[in-house]
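Every number here is computed from the coordinates shown, using simple stated rules; none is lab data. As the structure is a computational prediction, the values presented were derived from the model and not from experiment. Note that each Cβ is placed from the backbone with ideal geometry, even for glycine, and that neighbours are counted across all protein chains shown.
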Amino acid sequence: MSVKAITPDYHGEMKDTADHYRGQQLLYIGWDQHLMFAAPLCIPVPPDLPFGALPQAVLPGLYGQHPDFARIDWTQAQWRRGGQPFTPDPAKTLAENGIGHKTSLRLRTPDQPGLAGVGF
């Protein structure tokens, strides 16, 4: 994201770089069409976390209270990384899947088009 400073000689230290998170990186993750969660969530995750652990171990703690979550067919899940379609390898780590600090992931579940089928 570009920033326009008030003065041309302004130089500031970035406070949210990966080295400030003790081996973790920030991951923005959103579930499209499920507006019980109005915005992507930002969570710290280790870069060596296997992608397959997201739906099995991480996402249930984030989205598990949603009535549709338990019915997700993960074989049909569609992912976007940084706004682009993305097919993750569940056996590879987040880093190996090209997911770095402050990456945005979007989950789309065609079999679950919003709460009680009311998607947009």
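Tabulated data for the structure shown
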| read-out | value |
| --- | --- |
| Least to most buried among Tyr28, Tyr10, Tyr63 (fewest other Cβ within 10 Å first) | Tyr10, Tyr28, Tyr63 |
| Farthest toward positive dipole pole in the chain [+1 Lys/Arg, -1 Asp/Glu at C-beta], among Tyr63, His20, Gly114 | Gly114 |
| Computed FRET value (nearest 0.05) for Ala5 with Val58, which takes r as the C-beta separation and R₀ as 41 Å | 0.65 |
| Stokes-Einstein diffusion coefficient of the chain, Kirkwood radius over Cα pairs, 20 °C, 1.002 mPa s, in µm²/s | 136 |
| For Arg80, net neighbour charge (Lys/Arg +1, Asp/Glu -1) across residues whose Cβ lies under 11 Å away | +2 |
| Modelled FRET efficiency - R0 22 Å, Met36 with Asp89, Cβ distances, 0.05 increments | 0.15 |
